[in-house]
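Here's the structure we're looking at; comments come further down.
The values are calculated or read from the model by the stated rules, or taken from the named source; none is laboratory data. All values reported here derive from a predicted model rather than from experimental measurement. Every residue, glycine as well, gets a Cβ built from its backbone with ideal geometry; the counts of neighbours run over all protein chains shown.
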Amino acid sequence: MIGVIDLNISNISSVINSLNYLKIPHLIIKKDQDFEKINKLILPGVGSFEAGIKNLKKNNFDKKIITSVKIEKKPLFGICLGMQLLMDESDESPGIKGLSLIRGNCVKFSNNIVVPHIGWNNIKKKKDCKILKGIKDTNFYFLHSYYCNLKQKSCISTTVNYEKKICSSISYKNIFAVQFHPEKSQEEGLKIIKNFSLI
Amino acid sequence: MLKKRLIATLIIDKNVVVQSINYDLTNIIHSKPEIAIDYFNKWSIDEIIILNVSRDSGSKKIFLRTLKKISKKSFVPITAGGWVKNNNDIKNLLKNGADKVVINTNAFKNHTLIELASKEFGAQCIIISIDVKKIKKKYKVFIDRGRLNTNTNLEDWIKKINNFNIGELYISSIDKDGTRQGYDYDLYKFVKTKTKKPIVAFGGLGEWSQIEKLFKLTNISAAAGANIYHYVENSATKAKEYLKSKKINLR
């Protein structure tokens, strides 16, 4: 059973729609007891870094996620803001601490380029990882103004080129995350969600 | 490299997709919007925008139901709009399947709405739409679905918008809407000099070569169209074939 964390600020329905379409069993995590019922976690999200962390903290979900991932070794899949929340901090919300499951910070794109990075862009594989099985260097839908700057470059699974080469997905032990929106990237995106469900 | 986007706009009035010509609603195109979506998915349209243009504020509920139906089948981004007055309206649209929300009249009237909305939902979630009409060689901003001339010059409104934390600008030409004569290329060239935000063009699309012209002349991010995507079979696929042959960078 996959648990989808509801940050209550964003559209989790598109993630839910894709799980329904793929007939993958899931539940929406609304209270901390729900964490006992699941063996995998999806942390979706659009919205600001601060609003995301605040909503996680309000329900004690931040601690629950860390326990699930670090101690119980449940696979975690972060999407977009859900990937950025895994970092230590973000330029978007100075002074707000992230989950620190992956070391690094989120940086804003420079003023020399149109921001946000919005639209379909092709990823480039840096290493193999379970959720990218069968995925080629193809186009995914991106929508973000900040990007993850990782301390440990070996965690980077794919990059994307927007002004410069940036990290577009991560894998590290049982932690997986993508900056793009697989739930909004048609067949190839659905394939990634399917791959995660099969881990 | 980031691709140019083709966007299909669905103009919804009382639960059906309608055609719009110079912002007057004419005939019904689809009685079931979710069927249109099936085709758009198959044809690899890059994004879908659905707008509630009903004059009746009571249409909000029916619109949310339509949105929900559409979003269940769509695995490309959906932007929804119409009758957005506060964060609660935005939340309702997001809960029913929108990924982004487009605001026009109330963004113009109430700047606080934009600040509150982007703070809560993130800048990338908020799109400001501007309806433009050329009067005596000046682009003027219209609100209330093209009915009310605010007498504000487009550049003045954009200057204000540049200070807001928003994701995109969706700029429509009332003059070109439904005419099939092509986009108002000068309008988008002009807008591009006034802002660094991503721009979506809408109004006038009747042939694929007009999209080519738009992208070659203006360097904006996305081209939206409405009627043509319904009337031409395999429309998005055909559009992409044509544009790729002209070396336009598409997915």
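Taking the conditions exactly as written (more than 24 Å from residue A:183 (Cα to Cα) and loosely packed, with under 15 Cβ neighbours inside 10 Å), does residue B:133 satisfy them or not?
no
Considering only the range A:173-186, I want to know if a residue exists there that is part of a helix (DSSP H, G or I), free of Cβ contacts under 8 Å to residues at least 60 places away in the same chain and within 14 Å of chain B (Cβ to nearest Cβ). Break it down stepwise before answering.
Of all residues in the range A:173-186, those part of a helix (DSSP H, G or I) come to A:182-184, A:186.
Still in the list and also free of Cβ contacts under 8 Å to residues at least 60 places away in the same chain: A:186.
With within 14 Å of chain B (Cβ to nearest Cβ) added as a condition, the list becomes A:186.
Among the residues of the range A:173-186, at least one is part of a helix (DSSP H, G or I), free of Cβ contacts under 8 Å to residues at least 60 places away in the same chain and within 14 Å of chain B (Cβ to nearest Cβ), which makes the answer yes.
Within the set of pairs 6+ apart or on separate chains, which have a first residue in the range A:92-118 that is on the phi > 0 side of the Ramachandran plot and crowded, with 16+ Cβ neighbours inside 10 Å, a second that is assigned to a strand (DSSP E or B) and small (Gly, Ala, Ser), and C-beta atoms under 9 Å apart?
Hits for this filter: zero, empty list.
Which numbered condition trips up residue A:85, out of (1) under 27 Å from residue B:77 (Cα atoms); (2) modelled with pLDDT under 95?
(2)
Can you pull out every residue in the range B:228-249 that is part of a loop (DSSP other than H, G, I, E, B) and either surrounded by fewer than 20 Cβ atoms within 10 Å (Cβ to Cβ) or in contact with a Ser or Thr (Cβ under 7 Å, 6 or more places away or on another chain) (or both)?
Hits for the range B:228-249 are B:232, B:233, B:234, B:246, B:247, B:249.
Pick from B:164, B:121, B:108: which is under 19 Å from residue B:49 (Cβ atoms), among the aromatic types (Phe, Trp, Tyr) and out of contact with any strand residue (DSSP E or B) (no Cβ under 6 Å at 6 or more places or on another chain)? First the steps, then the outcome.
Working: B:164 fails: under 19 Å from residue B:49 (Cβ atoms); B:108 fails: out of contact with any strand residue (DSSP E or B) (no Cβ under 6 Å at 6 or more places or on another chain).
That would be B:121, the only listed residue that is under 19 Å from residue B:49 (Cβ atoms), among the aromatic types (Phe, Trp, Tyr) and out of contact with any strand residue (DSSP E or B) (no Cβ under 6 Å at 6 or more places or on another chain).
Would you tally the residues in the range B:44-60 being touching a helix residue (DSSP H, G or I) at 6+ places or on another chain (Cβ under 8 Å) and surrounded by fewer than 19 Cβ atoms within 10 Å (Cβ to Cβ)?
Total meeting the criteria: 2.
State yes or no: is residue B:217 more than 18 Å from residue B:139 (Cα to Cα), in contact with a Lys or Arg (Cβ under 8 Å, 6 or more places away or on another chain) and surrounded by fewer than 19 Cβ atoms within 10 Å (Cβ to Cβ)?
Values: more than 18 Å from residue B:139 (Cα to Cα): yes; in contact with a Lys or Arg (Cβ under 8 Å, 6 or more places away or on another chain): yes; surrounded by fewer than 19 Cβ atoms within 10 Å (Cβ to Cβ): yes.
When the stated conditions are applied, residue B:217 passes them.
For the structure I just gave you, tell me whether residue A:137 is more than 14 Å from chain B (Cβ to nearest Cβ), part of a loop (DSSP other than H, G, I, E, B) and either surrounded by fewer than 19 Cβ atoms within 10 Å (Cβ to Cβ) or touching a Gly at 6+ places or on another chain (Cβ under 8 Å) (or both).
no
Can you tell me which of A:73, A:63 is at pLDDT 95 or above, more than 14 Å from residue A:4 (Cα to Cα), of a type in the set (Lys, Arg) and not in a helix (DSSP H, G or I)?
Unique residue meeting the criteria: A:73.
Looking only at the range B:143-159, how many residues end up being touching a strand residue (DSSP E or B) at 6+ places or on another chain (Cβ under 9 Å), among the basic types (Lys, Arg) and not in a loop (DSSP other than H, G, I, E, B)?
The qualifying residues number 0.
Could you give me the residue pairs with C-beta distances under 9 Å whose first residue belongs to the range A:144-169 and is at positive phi and within 13 Å of chain B (Cβ to nearest Cβ), whose second residue is crowded, with 19+ Cβ neighbours inside 10 Å and not aromatic (Phe, Trp, Tyr) wherever it lies, and which are 6+ apart or on separate chains?
Sorted first by the residue in the range A:144-169, then by its partner, the pairs are A:163/A:117.
Go through the range B:1-109 and tell me which helices (runs of 4 or more DSSP H), entirely inside it, have 1 or more residues that are modelled with pLDDT under 95. Reasoning before the result, please.
On the way: elements: B:33-42, B:60-73, B:87-95, B:105-109.
Helices (runs of 4 or more DSSP H) meeting the threshold: B:33-42, B:60-73, B:87-95.
Scan the range B:80-95 and tell me whether some residue there is crowded, with 17+ Cβ neighbours inside 10 Å, within 14 Å of chain A (Cβ to nearest Cβ) and under 25 Å from residue B:4 (Cβ atoms).
Within the range B:80-95 (the criterion being crowded, with 17+ Cβ neighbours inside 10 Å, within 14 Å of chain A (Cβ to nearest Cβ) and under 25 Å from residue B:4 (Cβ atoms)), the answer is yes, since at least one residue qualifies.
How many residues are surrounded by fewer than 23 Cβ atoms within 10 Å (Cβ to Cβ) and part of a strand (DSSP E or B) if we restrict to the range A:30-57?
Residues meeting the conditions: 1.
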